[in-house]
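Participant: Okay, handing you the structure first.
Quick note: the coordinates plus some simple rules give every number you see, no bench work behind them. In this text, all values refer to a predicted model and were calculated from it rather than measured experimentally. When we count neighbours, we look across all protein chains shown, and the Cβ atoms used for this are built from the backbone with ideal geometry, even at glycine.
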Amino acid sequence: MKISGNTILITGGASGIGYEMAKEFIKRKNTVIVTGRNEQKLQKAKKELSGLVTFKSDVSNPNDVKELYDQVAKNYPGLNILINNAGVMYTIDLQKHKLSLTDLTKEIDNNVKGTIWMNDAFISLLKKNKNAATVTVSSGLAFVPLAISPIYCASKAALHSYTLSLREQLRNTDIKVFELAPPATETELLKDFKESDMKGISLMSVQNMVAGFMKGFENDTYEICPGQASQLRFMSRFFPSFILKQLSKPVAAMHAN
């Protein structure tokens, strides 16, 4: 992939991985558009990153997705890279939770439906432009679940499967289909996790994680698994029972509480 001179849309780009991606792409002289649900975060990012374009938009809302497409297609018709980064993650005790059915599946709405809806809206625009790509940000937990976050891990496994199919279906186009499966990364996504939940898990800095993504993206590595994500992928293939047991240890503490 050519990583300069592009027009790039990053969902969930006001903080964390999306923000760091935006910063790195701006350094390389790309036009970068980010979306998010929090206007204050968007405005803060816009002040910090010169030239950043922001739109308040929620990928889990179909009306927002349509409105975003209309705005981008009108004002940035040269859009050629879509990065589906927006995501939420919760710990959920499937025996004791008090969530409504809607809240119970919020991670599916945001992580899975949001990515599918964004691709469905923007693929026609990407097909018109050169050096086109779509990126799914899944997770190392797509390969083996962290059992205390069952819906999140299921959503990322679904995204991994969806992205494999999307890549096959777009082979007759010039759109390249990438998947980034981050390991546990130092972002707000993990802010509600206890130290005991993360025992044995090494957190990767967001800077190092995005540096790994940029290298893989430029080199056309279609499944990018930085740090421990690569180990999780390997272990899930060759020692699935062992690695599942290791990542399920926090469940005992969850039940004790």
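Participant: Counting only the backbone N, which residues of segment 131-155 are under 12 Å from the spot 7 Å out from the Cα of Leu244 toward its beta-carbon?
Facilitator: 144-147
Participant: For segment 217-257 and segment 1-59, what is the centre-to-centre distance using only Cα atoms, to the nearest Å?
Facilitator: Segment 217-257 and segment 1-59 have Cα centres separated by 28 Å.
Participant: How high is the relative contact order of the chain, given as a whole-number percent (alpha carbon pairs under 8 Å, six or more residues apart)?
Facilitator: Relative CO of the chain lands at 18 percent.
Participant: Counting each DSSP H run of 4 or more residues in the chain as -39500 (n - 2.57), what helix-only mean residue ellipticity at 222 nm follows after dividing by all residues, to the nearest 500 deg cm²/dmol?
Facilitator: Working: 10 runs with 112 residues, N = 257.
Mean residue ellipticity at 222 nm (helix-derived): -13500 deg cm²/dmol.
Participant: Oh, and also: What does the charge count around Gly36 come to, taking other residues whose C-beta lies under 9 Å from its C-beta (Lys +1, Arg +1, Asp -1, Glu -1)?
Facilitator: So the environment of Gly36 carries a net charge of +1.
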